[in-house]
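The values are calculated or read from the model by the stated rules, or taken from the named source; none is laboratory data. It should be emphasised that the depicted structure is a prediction, and the values quoted were computed from it without experimental measurement. Please note: Cβ atoms are built from the backbone with ideal geometry, for glycine as well, and neighbour counts cover all protein chains shown.
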Amino acid sequence: MTKRMAMLHTSFVFINVEPVFKDLFNELIPDVEIIDFVDSHVLGDVRKIGRVQVPHIRRMCNLAQAAEDAGADLIFSACSSLGPSMDVARGLVNVPIIKIDDAMTRKAVAMGSLIGVMATVPTTLPPTVDLIHQWAAEAGKPVEVKQLLCEGAFEILMSGDRARHDQMVLDGALQLAPQVDLIVLAQASMSRLAPMLSNKIGKEVLSSPRLAVEYVKSFLEKLPA
């Protein structure tokens, strides 16, 4: 029986701009049925305020509840900035929820003690850093996190100027690399740059999409038919 997965979006970036998840699901789990649930303005609203507030959490919980009502076997939250809302949603639905950064941040803790985190959206940094510290505490491992924001790069990407966005991210990686053991890209919208960045800085660069989809695949395989 085909598994049904709900994917929660906070913008149209993974639908209209970066097809990274569509490509990965086609490659790794081609038989999964994916239903997209989109609140196209919640991320923009969070960014205007600069932090996640109760109304934003409620909106994401509404998406999760709609996903459960649609018969989803698994809910996958594709937004790092709104990740904390999924902690609340887990208490409201009976469907398992996986955050986009769960697998990546756990792997980062296993790989290094000085972890760099890069983002192009400022609200993405705190949830990613918090997840790293969460996994580090669980592992009993001390880690230090250094953050770097490529200010304005996300807006440039959304405008369609990939080349300028990519150069800004590369410049940031070159600046951060000497200070850390490895770099974590806090947004999936940066993920296609990971191989190039790793080659340029000579260190491991982790991105969430493939790790997340591999984790989703293993999770779905364990669910009863």
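The table for this structure:
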read-out: Flag if Gly140 is free of Cβ contacts under 8 Å to residues at least 12 places away in the same chain and under 23 Å from Leu211 (Cα atoms); value: yes
read-out: Single residue of the stretch 83-98 satisfying the filter (more than 18 Å from Val46 (Cα to Cα) and touching a residue at least 12 places away in the same chain (Cβ under 8 Å)) that is surrounded by the fewest Cβ atoms within 10 Å (Cβ to Cβ); value: Asn94
read-out: Residue count, the stretch 155-206 (criterion: in a loop (DSSP other than H, G, I, E, B) and under 27 Å from Leu82 (Cβ atoms)); value: 7
read-out: All positions within the stretch 191-208 that are out of contact with any Asp or Glu (no Cβ under 9 Å at 6 or more places or on another chain) and touching a residue at least 24 places away in the same chain (Cβ under 8 Å); value: Leu197, Lys200, Ile201, Gly202, Val205, Leu206, Ser207
read-out: Qualifying residue in the stretch 51-69 (condition: touching a Lys or Arg at 6+ places or on another chain (Cβ under 6 Å), surrounded by 18 or more Cβ atoms within 10 Å (Cβ to Cβ) and assigned to a helix (DSSP H, G or I)); value: no
read-out: Qualifying residue in the stretch 174-182 (condition: β-branched (Val, Ile, Thr) and closer than 30 Å to Ala6 by Cα); value: no
read-out: Residues of the stretch 70-96 classified as in a helix (DSSP H, G or I) and of a type outside the set (A, V, I, L, M, F, W, C), total; value: 4
read-out: Residue tally, condition under 20 Å from Thr2 (Cβ atoms) and either touching a His at 6+ places or on another chain (Cβ under 8 Å) or not assigned by TED's automatic domain parsing to the domain that holds Val42 (or both), over the stretch 67-96; value: 0
read-out: Residue match in the stretch 134-153 (condition: under 12 Å from the mean Cα position of the chain (by Cα) and closer than 24 Å to Ser218 by Cα); value: no
read-out: Val129 vs. criteria within 30 Å of Ser198 (Cβ to Cβ), assigned by TED's automatic domain parsing to the domain that holds Asp171, touching a Gly at 6+ places or on another chain (Cβ under 8 Å) and surrounded by fewer than 21 Cβ atoms within 10 Å (Cβ to Cβ); value: no
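Residues are listed down the side, and each one gets a yes or a no for (1) outside the structural domain of His9 (by TED's automatic domain parsing); (2) surrounded by fewer than 16 Cβ atoms within 10 Å (Cβ to Cβ); (3) more than 20 Å from Val109 (Cα to Cα); (4) modelled with pLDDT of 95 or more:
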| site | (1), (2), (3), (4) |
| --- | --- |
| Gly160 | yes, yes, yes, no |
| Arg164 | yes, yes, yes, yes |
| Val169 | yes, no, yes, yes |
| Gly172 | yes, no, yes, yes |
| Leu176 | yes, no, no, yes |
| Ala188 | yes, no, no, no |
| Ser191 | yes, no, no, no |
| Leu197 | yes, no, no, yes |
| Ile201 | yes, no, no, yes |
